[in-house]
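K.L.:
Quick one: structure below, then a few questions.
The values are calculated or read from the model by the stated rules, or taken from the named source; none is laboratory data. This structure is a prediction, so every number in the text was calculated from the model and none was measured. Cβ sites come from the backbone with ideal geometry, for glycine too, and all protein chains shown count toward neighbours.
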Amino acid sequence: MTIGIRDTRKIVAVYDMTGDDVREQGRFEDSVGIFPEFIDGYGLLILPTTGRYFQVPYRAMLPRTGPRNLLVTGRAIGGDKISHAAVRNMMCCAVAGQGAGVAAAVAVKSGRDVHAVDITEVQATLKRQGARIH
């Protein structure tokens, strides 16, 4: 282990993830990907050995207030401390980043704000790319 920054600023999102979402296999209609039950932080360590996973909701990347047409991804998505100890993982950041990139492309293509993007089109594109969202 080396010295590093694990906790960073997070947005207040349209949906803020919770520790229960991560620990109880949260399922979301606006899922953009999945990530195993892997929590590492705040004195809690759960390794991804159980086959359990949670879905990453698109709404967790949308700021509740502030600038429109902004997606925030990576470890800054909305959530509490325990969910942050999971979503800050680089692999989960990649899952959320792919979802955000596809959503941005769909928004531009359709002429919509990212808050009004057609999530079913985003999910269909992710599936065509080989992403597992459920």
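K.L.:
Which count do you get for residues in the stretch 14-65 that are within 22 Å of residue 101 (Cα to Cα) and hydrophobic (A, V, I, L, M, F, W, C)?
P.N.:
Count: 11.
K.L.:
Next question. Read through the list (1) more than 21 Å from residue 134 (Cβ to Cβ); (2) of a type in the set (Lys, Arg); (3) surrounded by 13 or more Cβ atoms within 10 Å (Cβ to Cβ), then give the number of the only condition that residue 52 fails.
P.N.:
Every condition holds for residue 52 apart from (1).
K.L.:
How about the stretch 25-45: which of its residues are modelled with pLDDT of 95 or more and of a type outside the set (Ser, Thr, Tyr)?
P.N.:
25, 26, 27, 28, 29, 30, 32, 33, 34, 35 - these are the residues of the stretch 25-45 that are modelled with pLDDT of 95 or more and of a type outside the set (Ser, Thr, Tyr).
K.L.:
Look through the stretch 67-79, keep the residues that are assigned to a loop (DSSP other than H, G, I, E, B), touching a residue at least 40 places away in the same chain (Cβ under 8 Å) and over 11 Å from residue 100 (Cβ atoms), and return whichever of them is farthest from the chain's Cα centre (by Cα).
P.N.:
68
K.L.:
Just give me the residues in the stretch 89-122 being more than 30 Å from residue 47 (Cα to Cα), in contact with a Lys or Arg (Cβ under 7 Å, 6 or more places away or on another chain) and in a helix (DSSP H, G or I), in sequence order.
P.N.:
The answer is 115, and nothing else.
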